[in-house]
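A.B. asks: One structure coming up, written as structure tokens, with questions to follow.
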Amino acid sequence: MYLKLLFKPDGLCNKGDINHDGSINVTDIVSTVNIILEITVEVTAYELWAGDYNSDSDINITDIVNIVNL
């Protein structure tokens with residue numbers, strides 16, 4: 001799966017914090033997996049930006065590994 005990301009949010013945002021609750025935890029990892037597996041039907045631009053943890057314009061297993069290793 002390849003997702004081209006063309007969005008960078010303004011304000012206080014953290015890569016990896018998919019649900020934008022101020023902390024990076026298992027919920028964010030599950031959300032990232034759901035994006036990769038296309039389980040999440042409507043993905044927001046913020047979720048795409050936050051899910052691309054390593055900023056390579058692709059959300060994949062590498063992003064999940066990086067989030068887990070925080």
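Rule-based calculations on the coordinates, nothing more; no lab input. Computed from a predicted model, the values in this text were never measured in an experiment. For neighbour counting, all protein chains shown are included, and Cβ atoms are generated from backbone atoms with ideal geometry for every residue, glycine included.
A.B. asks: Quick one: Karplus J couplings for region 56-70, per residue in order, coefficients 6.51, -1.76, 1.60, θ = phi - 60°, nearest Hz, x for Gly and Pro?
C.D. replies: Karplus-based 3J(HN,Hα) across region 56-70 equals 9, 6, 8, 9, 8, 4, 4, 5, 5, 4, 5, 5, 4, 7, 5 Hz.
A.B. asks: Please list, by residue number, every one of the GluC sites (Glu not before Pro) in region 20-54 that is coil in DSSP and has at most 16 other beta-carbon atoms within 10 Å.
C.D. replies: Passing both the DSSP loop test and the Cβ count: Glu38, Glu42.
A.B. asks: Same structure, new question: Could you rank the peptides 61-70, 23-32 by their average count of other C-beta atoms within 10 Å per residue, with the highest value first?
C.D. replies: In decreasing order of mean packing, 61-70, 23-32 become 23-32, 61-70.
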